[in-house]
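Below is one structure, written out as structure tokens; comments come after it.
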Amino acid sequence: MEASRMEAIYQSPEEIIPNAGLVADDPAGYGTLPPELRELLRDDLDFIPDDPAELRRAVRDMAAHINHADWRFIKLIAAMDRTRGWAEAGYANLGNWLDHRCGLGPCAARERIRIGRALARLPQIDTAFRDGVLSYSKVRAITRVATRDSEAVLLDIAGSSSAAQLLGGGGGGGRPPPAPAAGGEEGAGGGGGGGGG
């Protein structure tokens, strides 16, 4: 999809919000992509490396970028939660606003609101997420049980476990994944990146 078509998707005209009338400063659509991200919308696949090691590195680097973007998104949601920015747009709650304005379903919205609140009291996990080291899936799992006293231990566990293991979904029966073969994983975004759900 070319960039101009994507821009059209993100810049929809204003719409009527049920029970709120026209809200001029809260137009429909999901917002606009910053210019620095438009390069990511290219249709061509010239950016995909042929070398397997470079490809692994590129995937891990992109995972770290996605992790950081997820952190920023959740921080913005936390600010909306604190300031009740959704209320003046005519919505009953933040989850409803996230559904209509960001396309998040009710469960996804609730989880991001919960995580935003948890990160406010978990500075080490917050930093690891911000730095792209932890994926959204891992943050979602460990913030369910983390306290200030336990977050360092949970970060160590998250660094050596898959997201599926942290979520209790198996993937090795709770054991850390095997070490990569000689010449293993290169690149940034280490410590269990991956942008999974």
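The values are calculated or read from the model by the stated rules, or taken from the named source; none is laboratory data. These numbers come from a predicted model, not from an experiment. Glycine also receives a Cβ, built like all others from the backbone with ideal geometry; neighbour counts cover every protein chain displayed.
For the condition of a type in the set (A, V, I, L, M, F, W, C), at pLDDT 90 or above and over 13 Å from ILE66 (Cα atoms), ALA146 qualifies. Of everything in the stretch 62-84 that is farther than 19 Å from THR127 by Cβ and not in a loop (DSSP other than H, G, I, E, B), the residue that is modelled with the lowest pLDDT is MET62. What about ARG72, is it within 16 Å of VAL139 (Cβ to Cβ) and surrounded by fewer than 18 Cβ atoms within 10 Å (Cβ to Cβ)? Yes: the conditions hold for ARG72.
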